[in-house]
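Read the structure below first, then the notes.
Just so you know, all these numbers are worked out from the coordinates, no wet-lab data involved. Since the model is a prediction, treat every value here as computed from it, not as a measurement. Neighbour counts are summed over all protein chains in view; Cβ atoms, including those assigned to glycine, are modelled from backbone coordinates with ideal geometry.
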Amino acid sequence: MRKWIAVLIAMCVAAGCIACSAGRNSSASYSSDDYYYEPTAMSDEYYESAKTASGAASRNELVAEESETVPQESGRKLIRDASLTIESKNFDEIMPQFEQQIKAHGGYLESMNESGNSYRSSSYRSAYLVARIPSDNLDAFLSVADGLGNVTQKTLSTRDVTSTYVDIESRLKVLETEKESLQNIMASASTTEEMLATQSRLYDVIEEIEAYEAQKRTFDSLISYSTVSISVKEVVELTPAKEETRGEELARRFKSSIENLGEALVDFGIGFIVAAPWLLVIGAIGGIIAVAIILPIRASKKKRRQKKEAEQKNS
């Protein structure tokens, strides 16, 4: 009976620590709820019963252990991401340069999507890259990327997930302590009922530990490697980096109109030459159809005219 009571005490024990940990962090603002896993809430009897259930340290010692996980200002957990939109006249040259610089800064290309490079395509080419760059090298990479083409848009975001990260570490400590307590109790269980009850709670604790560890690994990946989204567009003329005067804008637009007209005439000429064989075939078919229709009509008219002339002579 005492062992059965010890099982209940151990379950309440770990609950207290997690409840305390949740209370201490309830006022924090979490910016990464998508990665956060909330465990089952437990009571505050853990610290008082820990010694009896598993020989754990006192309440003050456990609180001290949790406080040691709070990082200093210099060790904050930051997730930094960036995005770039770049124009280039030399699409074939800039793409290999991006791949080289990603590798040179210790990163890797997570995904790439290139479009517009087909035989029948008349549009300019574009590409979308997602790269993972070590956070320490992000600024250096962005500095180099700015010089590869004409940057029309650039964003840089930083998310502070220190509170969430520290809370995960604290809860993992509590769950590991409870796991050890339950294993000790199950090893000394004298009845099947006690063993099954302890085993059921142990499985729940192990599941929560795995969820928190997966969450922590996700944070570690996002913190150590920044995500950089790069959109590359092929253009004929680069967007001016400085503000234009009315005269400069008028001259640029007039020049662009002339170039567009020239390209349209060239495209029309090429299209006409390409379509010439089809036009000849269509013309021949049309001629045959016209002859097949016109000749019977003319013959009918001639016959009616001859008949009319014959009637006039007879009259």
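At a glance:
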read-out	value
From phi via Karplus (6.51, -1.76, 1.60), per-residue ³J(HN,Hα) for the stretch 218-232 in Hz, x at Gly/Pro	4, 4, 4, 5, 5, 6, 7, 10, 7, 9, 10, 9, 10, 10, 10
Under-5 Å amide H pairs with Ala189, H placed in peptide plane, nonlocal only	none
The stretch 249-315: C-alpha gyration tensor shape, a/c 1.5 cut-off, then a/b vs b/c	oblate
Derived scalar couplings ³J(HN,Hα) [the stretch 156-172; Karplus, 6.51 cos²θ - 1.76 cosθ + 1.60; whole Hz; x for Gly, Pro]	9, 10, 9, 10, 8, 10, 4, 4, 5, 5, 5, 5, 4, 4, 5, 5, 4
Reach of Lys154 by Cα under 24 Å, taken over lysines that are not fewer than 8 positions away in the same chain	Lys77, Lys89, Lys103, Lys233, Lys242
Efficiency of FRET between Asp81 and Val281 - r from beta-carbon atoms, R0 51 angstrom, step 0.05	0.30
Ser226 long-range amide H proximity, modeled H, under 5 Å	Ile133, Ser135
Cut-off under 5 Å, modelled amide H: who pairs with Glu110 long-range	Val130, Ala131, Arg132
Rough spin-label spacing in nm, given labels placed 7 Å along Cα→Cβ, for Asn113 and Ser157	1.8
